[in-house]
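Below: one structure, written as structure tokens.
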Ligand code: UD1
Ligand code: UDP
């Protein structure tokens, strides 16, 4: 009798303890989304919405890698996302300083919140910091947009994505090719082929963007090439940037160019800004908001870009535009294979020739996007929720 009572009291006390730890020490947050740059906001929004739709609790952590309104808050507004729960205010810095600061600050938040898993997207320094901090704390990591490889050692992003892939528990590969890269590399985590969330975003926002955006009124050309270039291995290279400015100044179609702050800084450092800004052929604008950018992608003749996300967006059923990829390597060969993109290198003569060819002959294909059907966010949310039960 005494033993029975003792065991009963012991059991109740253990249950109370478990309840106490759950309710006080372990908040009921289940998934933390860590992001920090313009493309991560765009590509994580569909995952956030899908997780919340199925009742998952999510904590949103913004590293502050991008901090200008035009690269951060403006996207939160256009995408209709809720404000992040935490801003780490990491800001700009060297590769190591930015990554290390993000890890240091993130650890404090994760220590307090103890989520079941951390989701990161893509290949930025925020992604590396998010994935590495989480695994070092014993928290499971899901990598959205896993399995992309440029095999280009010049790119900081290539190291970030390789490391993130090899330490993640869940790998959300956007295409069959990226899934098979992960299989061939024998990653530890579970591989899921989900599609790319950027297509979800295009399908959700392009129509709205066309209704809401006023950008067309500010563009003095009917037909134009939409240009973006911000990649470090391009714009930090004086010869490449000088060649680009020269080609854009003389291009056979007018240029609309929303300027990334990194590029603006490097144009200034190399003494090229005045030439580009003063060119009659080039309409320079600040980094465009998401709706304005979608509206311009839809409206332009074709795109010239070194962006990763834009290569994918151009294949979405609601956009379907050709992209000249101003790079020597790409981790998005699917867009090329589908006929949407052509990699043209960075040599001034080659890019001038490619633009001339595109003006006279280019035509966007109408084949389905290789990056999925717009349900990637839902697929990822379902897998995250199932993995926990
Ligand atoms: C980063 C990512 C890149 C991604 C891009 C998206 C890495 C290594 N690179 O490149 O993969 O394609 O974001 O746009 O993570 N700056 C501002 N305001 C800001 C942010 C940056 O003026 O809000 C300027 C600063 O001078 C800074 C420079 O831009 O030094 C570069 O910013 P950084 O975040 O280091 O890299 P990105 O070139 O933006
Ligand atoms: N984008 C934008 N405004 C701009 C340039 C790009 O809204 O002025 C969007 C674009 O639609 C795409 C994303 O930003 O979804 C791509 O970001 P970026 O090229 O900076 O990064 P990457 O994809 O190369 O990592």
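The values are calculated or read from the model by the stated rules, or taken from the named source; none is laboratory data. Keep in mind the model is a prediction, meaning the values are calculated, not measured. A quick note on method: Cβ atoms are made from the backbone with ideal geometry, for glycine too, and the neighbour counts reach across all protein chains shown.
Tabulated results
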item	result
Criterion: surrounded by fewer than 19 Cβ atoms within 10 Å (Cβ to Cβ) and within 19 Å of the chain's Cα centre (by Cα) - qualifying residue of 307, 316, 301, 329	329
Residue in the stretch 23-34 that is surrounded by 17 or more Cβ atoms within 10 Å (Cβ to Cβ), within 13 Å of ligand 2 (Cβ to nearest atom) and either over 23 Å from residue 207 (Cβ atoms) or at pLDDT 95 or above (or both) present	no
Every pair of residues 6+ apart whose Cβ atoms lie under 6 Å, when the first sits in the stretch 107-130 and is at positive phi while the second is outside any helix (DSSP H, G or I)	114/26; 122/145
Single residue of the stretch 372-389 satisfying the filter (at pLDDT 95 or above and out of contact with any helix residue (DSSP H, G or I) (no Cβ under 6 Å at 6 or more places or on another chain)) that is surrounded by the most Cβ atoms within 10 Å (Cβ to Cβ)	384
Check on residue 165, free of Cβ contacts under 8 Å to residues at least 40 places away in the same chain and either within 13 Å of residue 144 (Cβ to Cβ) or more than 18 Å from the chain's Cα centre (by Cα) (or both)	yes
All positions within the stretch 315-334 that are under 21 Å from residue 121 (Cα atoms) and either more than 16 Å from ligand 1 (Cβ to nearest atom) or not in a loop (DSSP other than H, G, I, E, B) (or both)	315, 316, 333, 334
Residues satisfying the stated conditions in the stretch 78-94, i.e. within 16 Å of ligand 1 (Cβ to nearest atom) and either free of Cβ contacts under 8 Å to residues at least 60 places away in the same chain or under 15 Å from residue 130 (Cβ atoms) (or both)	84, 87, 88, 89, 90, 91, 92, 93, 94
Breaking point among (1) closer than 27 Å to residue 343 by Cβ; (2) touching a residue at least 60 places away in the same chain (Cβ under 8 Å); (3) assigned to a loop (DSSP other than H, G, I, E, B), for residue 153	(2)
Among the candidates 120, 109, 58, 90, residue that is within 16 Å of ligand 2 (Cβ to nearest atom) and surrounded by 15 or more Cβ atoms within 10 Å (Cβ to Cβ)	120
Some residue of the stretch 277-284 being under 19 Å from the mean Cα position of the chain (by Cα) and over 27 Å from residue 181 (Cα atoms)	no
The listed residue being buried (at least 20 other Cβ atoms within 10 Å of the Cβ), more than 16 Å from ligand 1 (Cβ to nearest atom) and either modelled with pLDDT of 95 or more or not in a loop (DSSP other than H, G, I, E, B) (or both), out of 48, 16, 7, 41	48
Hits in the stretch 163-199 - residues which are in a helix (DSSP H, G or I), farther than 17 Å from residue 372 by Cα and more than 16 Å from ligand 2 (Cβ to nearest atom)	163, 165, 166, 167, 181, 182, 183, 184
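Condition check ((1) assigned to a loop (DSSP other than H, G, I, E, B); (2) touching a strand residue (DSSP E or B) at 6+ places or on another chain (Cβ under 8 Å)) across all residues:
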| residue | (1), (2) |
| --- | --- |
| 107 | no, no |
| 110 | no, yes |
| 138 | yes, no |
| 149 | yes, no |
| 158 | no, no |
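Residues checked against (1) modelled with pLDDT of 95 or more; (2) touching a strand residue (DSSP E or B) at 6+ places or on another chain (Cβ under 7 Å); (3) part of a helix (DSSP H, G or I); (4) surrounded by fewer than 19 Cβ atoms within 10 Å (Cβ to Cβ):
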| site | (1), (2), (3), (4) |
| --- | --- |
| 311 | yes, yes, yes, no |
| 336 | yes, yes, yes, yes |
| 342 | yes, yes, no, yes |
| 354 | yes, yes, yes, no |
| 357 | yes, no, yes, yes |
| 370 | yes, no, no, no |
